[in-house]
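Peer 1: Just dropping this structure here.
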Amino acid sequence: MSECCCPPKPVSSATAPLCAQCGTKGRSVDRCTVIHHVKSELLSQVGEDEYRFCAAPACAVVYYNACGVVFTVKDVRDLVTAKASGDARPLCYCFGFTEGDIRREIAQTGATTVPAQISAFIKAQLCACEVRNPSGACCLGEVNKAAQRLSEKGKPEYA
Ligand SMILES: [Zn+2]
């Protein structure tokens, strides 16, 4: 790309660009993941550069590149796990589990089967986190964290 403003590609990940908004070092994501999540009217701005995913909960930036192009939570099609809260917070994009699913299950039965269900799906090779999850990473870590947090919160106060 002759009109690109980018410096030559960094040789090591130590020089990886930081999120211009919050300074977090983002994880690099596949271009295909970015294209999957950026709203269709903004796709022409994606270009061919490498993108990184900013996982900082308080930062609105979802994807950024070394050229200064950023896509925020408003520019992507889905809510982003790291940047959302409450029952609508998506936890698993492949099988559609939200924080509300886990919270309700714990309220009803005292435990959640969601992490086990997801593990079984992953084992059956039915997941596509690298594309479906805006972070480009497997959701299971986030799911387990949420399940643990909600289980503790769901315990009766007098226990
Ligand atoms: Zn950020």
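The values are calculated or read from the model by the stated rules, or taken from the named source; none is laboratory data. Everything quoted here is computed from the prediction, not taken from an experiment. So basically every Cβ, Gly included, is an ideal-geometry build from the backbone, and we count neighbours across all protein chains shown.
Peer 1: Would you be able to say whether some residue in the stretch 34-44 is without any contact (Cβ under 8 Å) to a residue 12 or more places away in the chain, aliphatic (A, V, I, L, M) and away from the ligand (no atom under 13 Å from the Cβ)? Walk me through it before giving the result.
Peer 2: First, pick out the residues of the stretch 34-44 that are without any contact (Cβ under 8 Å) to a residue 12 or more places away in the chain: 35, 40-41, 43-44.
Add one more test, that the residue is aliphatic (A, V, I, L, M), and what stays is 35, 43.
From the residues that got through so far, the ones that are away from the ligand (no atom under 13 Å from the Cβ) too are 35, 43.
Yes, the stretch 34-44 contains a residue that is without any contact (Cβ under 8 Å) to a residue 12 or more places away in the chain, aliphatic (A, V, I, L, M) and away from the ligand (no atom under 13 Å from the Cβ).
Peer 1: Same structure again: Can you name the residue in the stretch 81-97 that is touching a residue at least 40 places away in the same chain (Cβ under 8 Å) and among the aromatic types (F, W, Y) and is also farthest from C54 (Cα to Cα) among such residues?
Peer 2: F97
Peer 1: Does A66 meet the test of being out of contact with any Ser or Thr (no Cβ under 9 Å at 6 or more places or on another chain) and under 20 Å from C32 (Cα atoms)? Before you say what the answer is, go through the steps one by one.
Peer 2: Numbers: out of contact with any Ser or Thr (no Cβ under 9 Å at 6 or more places or on another chain): yes; under 20 Å from C32 (Cα atoms): yes.
For A66, the condition - out of contact with any Ser or Thr (no Cβ under 9 Å at 6 or more places or on another chain) and under 20 Å from C32 (Cα atoms) - is met.
Peer 1: Hey, could you check the stretch 66-82 for residues that are buried (at least 21 other Cβ atoms within 10 Å of the Cβ) and within 13 Å of the ligand (Cβ to nearest atom) and say which is nearest to K145 (Cα to Cα)?
Peer 2: Looking at the filtered set, the residue picked out is V80.
Peer 1: Please tell me if R103 is within 20 Å of L150 (Cβ to Cβ), in contact with a helix residue (DSSP H, G or I) (Cβ under 9 Å, 6 or more places away or on another chain) and either within 16 Å of the ligand (Cβ to nearest atom) or of a type in the set (K, R) (or both).
Peer 2: Values: within 20 Å of L150 (Cβ to Cβ): yes; in contact with a helix residue (DSSP H, G or I) (Cβ under 9 Å, 6 or more places away or on another chain): yes; either within 16 Å of the ligand (Cβ to nearest atom) or of a type in the set (K, R) (or both): yes.
Judged against the criteria, R103 is a match.
Peer 1: Something else now. Has the stretch 38-47 got at least one residue that is in the same structural domain as V131 (by TED's automatic domain parsing), hydrophobic (A, V, I, L, M, F, W, C) and in a helix (DSSP H, G or I)? I'd like the intermediate steps shown before the answer.
Peer 2: Taking the stretch 38-47 as the starting set, the residues that turn out to be in the same structural domain as V131 (by TED's automatic domain parsing) are none.
No, there is no match, as no residue in the stretch 38-47 is in the same structural domain as V131 (by TED's automatic domain parsing), hydrophobic (A, V, I, L, M, F, W, C) and in a helix (DSSP H, G or I).
Peer 1: Additional query: Tell me, yes or no, whether the stretch 15-33 has at least one residue that is at pLDDT 95 or above, within 14 Å of the chain's Cα centre (by Cα), surrounded by fewer than 20 Cβ atoms within 10 Å (Cβ to Cβ) and within 13 Å of the ligand (Cβ to nearest atom).
Peer 2: There is no residue in the stretch 15-33 that is at pLDDT 95 or above, within 14 Å of the chain's Cα centre (by Cα), surrounded by fewer than 20 Cβ atoms within 10 Å (Cβ to Cβ) and within 13 Å of the ligand (Cβ to nearest atom).
Peer 1: Moving on to the next point. What number goes with the only condition from (1) farther than 30 Å from A20 by Cα; (2) within 16 Å of the ligand (Cβ to nearest atom) that S151 does not pass?
Peer 2: (2)
Peer 1: Next question. Could we say that G100 is free of Cβ contacts under 8 Å to residues at least 12 places away in the same chain and among the small types (G, A, S) here?
Peer 2: On the way: free of Cβ contacts under 8 Å to residues at least 12 places away in the same chain: no; among the small types (G, A, S): yes.
It is false that G100 is free of Cβ contacts under 8 Å to residues at least 12 places away in the same chain and among the small types (G, A, S).
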